[in-house]
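To start, the structure itself, in structure tokens.
The values are calculated or read from the model by the stated rules, or taken from the named source; none is laboratory data. The shown structure was predicted, so the numbers you read here are calculated from the model rather than taken from an experiment. Glycine also receives a Cβ, built like all others from the backbone with ideal geometry; neighbour counts cover every protein chain displayed.
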């Protein structure tokens, strides 16, 4: 009998989780399992609560844990969405909840006997009192039957002792628009149509580009991220502006328009702050900094633009302060780009320093970030060797086919109610 595996998250597009689930739905079906999506309702009050939890799980004190009223709001959100999902389930169906927004649904699903897993894509490999007390809070929402899924063994908290645990590293879909091969001529056309290269007519687009002159033939340093303070776009801009890099290259910061991400209440403020930061730079440096905001409601256009930017980049940066797993790192690795990233969270399971990329130990080390980026710009053979090794690693470990196989293993554990395994 074929069963449905329902994946639950808060947004159909925007961010890595939505991309992973879209890819799974496209390539993961078999004769035994069909993938289905359930998108929760949208509640700004809940998303404000879970944004605080998100930061706290990374060890950043962005506010207190939910008080009694906020906790009730959080639970009510879970109950109403669980009831809606339960009305769609058939006997034997499985459910995988994603990230803190969906966790309160777990107890309601378990009470109805629905085999349920909760996949947490975030966390820190350096727990502190903030992250630990947050896990203590979330643990109270785990029914005994729940199976827990993390992106890396380094992100599994001590609070999971006694629960079933699986490790599933996120992945990219190689033939998706964002990752499919693009010839240099197509890359140039895509970038030219949004004004980043000269000599191309501007195409109708909802992409916002803040740029005073084309990139032209200069080397490009790129970071692609959501406008989230933990991605530290502002820090990338500071590292660039306060170093020798403006004499060597241009910086492109690309993040989705905040209008397309309902569950991220901070994005508007972060983008505004980075825009002001750029505007205050000396003109000679400011002209070498470009901000790009694709419109997520044009999913194909957004994916094509990111693909072209990553393929045009000479060095890709991921200067995250915390990172559960960097899908943009994998995307760059797949495209054989040399990557400079911070040694945080799941990134350390993607990049081996000096082999498949370069890692900076301290996210606040702006001099170190700029130094590594500059070293790659000045040594093309080394940059190409790192990129080639990165592409091999991404091919071996981080594609949707491997992740789909991992999920089918997860479904078997859910269906068979396997006993607890080692974390």
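Here are some notes:
Let's see how each residue does on (1) modelled with pLDDT under 90; (2) out of contact with any strand residue (DSSP E or B) (no Cβ under 8 Å at 6 or more places or on another chain); (3) surrounded by 15 or more Cβ atoms within 10 Å (Cβ to Cβ):
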position: 21; (1), (2), (3): no, no, yes
position: 28; (1), (2), (3): yes, no, yes
position: 35; (1), (2), (3): no, no, yes
position: 39; (1), (2), (3): no, no, yes
position: 45; (1), (2), (3): no, yes, no
position: 52; (1), (2), (3): no, yes, yes
position: 56; (1), (2), (3): no, yes, yes
position: 62; (1), (2), (3): no, yes, yes
position: 72; (1), (2), (3): no, yes, no
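- In the stretch 247-262, the condition of being out of contact with any helix residue (DSSP H, G or I) (no Cβ under 8 Å at 6 or more places or on another chain), free of Cβ contacts under 8 Å to residues at least 40 places away in the same chain and either over 21 Å from residue 58 (Cβ atoms) or surrounded by 22 or more Cβ atoms within 10 Å (Cβ to Cβ) (or both) is met by at least one residue.
- If you go through the stretch 363-386 and keep only what is touching a strand residue (DSSP E or B) at 6+ places or on another chain (Cβ under 8 Å) and within 22 Å of residue 122 (Cα to Cα), you end up with just 363.
- Residues that are buried (at least 24 other Cβ atoms within 10 Å of the Cβ) and touching a helix residue (DSSP H, G or I) at 6+ places or on another chain (Cβ under 8 Å) within the stretch 294-307 comprise 294, 305, listed in sequence order.
- So residue 269, is it under 27 Å from residue 101 (Cα atoms), assigned by TED's automatic domain parsing to the domain that holds residue 383, in a helix (DSSP H, G or I) and at pLDDT 95 or above: no
- Of all residues in the stretch 219-246, those satisfying the criterion of being surrounded by fewer than 21 Cβ atoms within 10 Å (Cβ to Cβ) and either under 12 Å from residue 369 (Cα atoms) or outside the structural domain of residue 371 (by TED's automatic domain parsing) (or both) are 238, 242, 243, 244.
- Helices (runs of 4 or more DSSP H) lying entirely in the stretch 102-214 (those with 2 or more residues that are within 20 Å of residue 79 (Cβ to Cβ) and in contact (Cβ under 8 Å) with a residue 24 or more places away in the chain): 105-111, 129-139
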